[in-house]
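The values are calculated or read from the model by the stated rules, or taken from the named source; none is laboratory data. Quick caveat: nothing in here was measured; it's all calculated off a predicted structure. Cβ coordinates were reconstructed from backbone atoms using ideal geometry, including for glycine residues, and neighbour counts include every protein chain displayed.
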Amino acid sequence: MSIEVKNLLKEYGLQKAVNRISFTANKGEIVGFLGPNGAGKSTTMKIITGYLQPTGGEAWVCGTNVTEAPEETKKKIGYLPELNALYYDMYVREYLGFLAGVHQLTDSKQAIEKVIDTVGLRPEAGKKIGQLSKGYKQRVGLAAALIHDPEVLILDEPTTGLDPNQIIEIREVIRKQGENKTVLFSSHILQEVEAICDRVIIINKGELVANDSLQNLRKSAAAAVVHVSFGEKAELSLMQTLTAATSIRQLDANNWQLATHDSDQLRKQILSLALQHNLNIVSLQSENQRLEDIFRNLTQKEN
């Protein structure tokens, strides 16, 4: 396993930013690492990369304990933090050359040109970093994480500041890197996670609440969501008689969102309910559970 986290704990006084979580990530796997703001994602990634010391538990990278051998593990990791710290007065190639020297690369010129092409920096490679758009600055950060061809990539919000076309391009870069590296990918753009990740880990309030493939998460959650809109106001007590609904959410007086394991049965119950209580159905639609729905259901629960 390229990344192994076991019983990891990080405390700040009485607050547990990370509360005894455990997970693994393997070579050739892109793992989505999700959670609301303040859930402990960035703290966990900083511990794995050796930037923070854990209060308890352990983290390994490529079989090496991060706490015991931080320099050795850093050589195996490419890290793009959420706050991408760059030297704005340096030129793109100058900055990448500086990093190549830090990593003691034997053929730094070839590594620089290769990574410039990999992340699509060629059009802006002759500029100072401070002259670049936010999206291109993000590409420089990704190039910095890739310059030494690491075994493990840890990416914290890598598509921040990118336009839709750039997001697609960087998505393909990450997918390509995931073929022979381990990628831990954190993002609030859940469509990106659905598009490229093999597995999803979700933490909430410092605790692990999910660790599985998207397919299995959808199976374990309600299989579908049904949206119904009535012409008249419907009472909650009336909606609660729909036995096929596993959860009921009122959007406003006339609109409801219902989770279910059997959308056909629920639709039949809604039609019957409308006939019995003289409710006019304006619209009735069902859709498969999205990652957004699963995420919200898992992270809105009280611990």
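Some notes on this structure:
- Hey, PHE33 part of a strand (DSSP E or B) and either among the basic types (Lys, Arg) or crowded, with 22+ Cβ neighbours inside 10 Å (or both) or not: yes
- Assessment of region 66-76 against the conditions (surrounded by fewer than 21 Cβ atoms within 10 Å (Cβ to Cβ) and touching a residue at least 60 places away in the same chain (Cβ under 8 Å)) yields at least one matching residue.
- Within region 160-188, the set of residues being more than 17 Å from ASN37 (Cβ to Cβ) and among the β-branched types (Val, Ile, Thr) comprises ILE167, ILE168, ILE170, VAL173, ILE174, THR182, VAL183.
- Meets criteria (surrounded by 14 or more Cβ atoms within 10 Å (Cβ to Cβ), touching a Gly at 6+ places or on another chain (Cβ under 8 Å) and either charged (D, E, K, R) or in the same structural domain as ILE77 (by TED's automatic domain parsing) (or both)) for ILE112: yes
- Only listed residue being among the basic types (Lys, Arg) and in contact with an Asp or Glu (Cβ under 6 Å, 6 or more places away or on another chain), chosen from LYS76, LYS41, LYS46: LYS76
- Every test in (1) part of a helix (DSSP H, G or I); (2) buried (at least 16 other Cβ atoms within 10 Å of the Cβ) is passed by LEU208 save one, and that test is (1).
- Residues (without any contact (Cβ under 8 Å) to a residue 24 or more places away in the chain and in a loop (DSSP other than H, G, I, E, B)) located in region 12-30: GLY13, LEU14
- Residue match in region 245-255 (condition: more than 31 Å from the chain's Cα centre (by Cα), at pLDDT 90 or above and more than 28 Å from GLY35 (Cα to Cα)): yes
- Of the candidates VAL102, VAL5, the single residue that is under 21 Å from LEU208 (Cα atoms) and either free of Cβ contacts under 8 Å to residues at least 60 places away in the same chain or of a type in the set (Gly, Ala, Ser) (or both) is VAL5.
Rundown of residues vs (1) at pLDDT 95 or above; (2) assigned to a helix (DSSP H, G or I), yes/no style:
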site: PHE98; (1), (2): yes, yes
site: LEU105; (1), (2): yes, no
site: LYS137; (1), (2): no, yes
site: ASP149; (1), (2): yes, no
site: LEU153; (1), (2): yes, no
site: LEU162; (1), (2): no, no
site: ILE170; (1), (2): no, yes
site: LYS176; (1), (2): no, yes
site: HIS188; (1), (2): no, no
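- Taking region 47-92 as the range and being in contact with a Pro (Cβ under 8 Å, 6 or more places away or on another chain) and either farther than 16 Å from VAL18 by Cα or modelled with pLDDT of 95 or more (or both) as the test, the residues that pass are ILE47, THR67, LYS75, LYS76, ILE77, GLY78, LEU80.
- Meets criteria (charged (D, E, K, R), closer than 25 Å to LYS109 by Cβ and not assigned by TED's automatic domain parsing to the domain that holds VAL282) for ARG139: yes
- Counting the residues of region 188-215 that are of a type in the set (S, T, N, Q) and either more than 22 Å from LYS27 (Cβ to Cβ) or touching a helix residue (DSSP H, G or I) at 6+ places or on another chain (Cβ under 6 Å) (or both) gives 2.
- Residue count for region 38-65 satisfying the condition of being of a type in the set (S, T, N, Q), buried (at least 18 other Cβ atoms within 10 Å of the Cβ) and touching a helix residue (DSSP H, G or I) at 6+ places or on another chain (Cβ under 8 Å): 1.
- Taking region 225-303 and the helices (runs of 4 or more DSSP H) fully enclosed by it, the elements with 3 or more residues that are touching a residue at least 24 places away in the same chain (Cβ under 8 Å) are at 263-276, 291-299.
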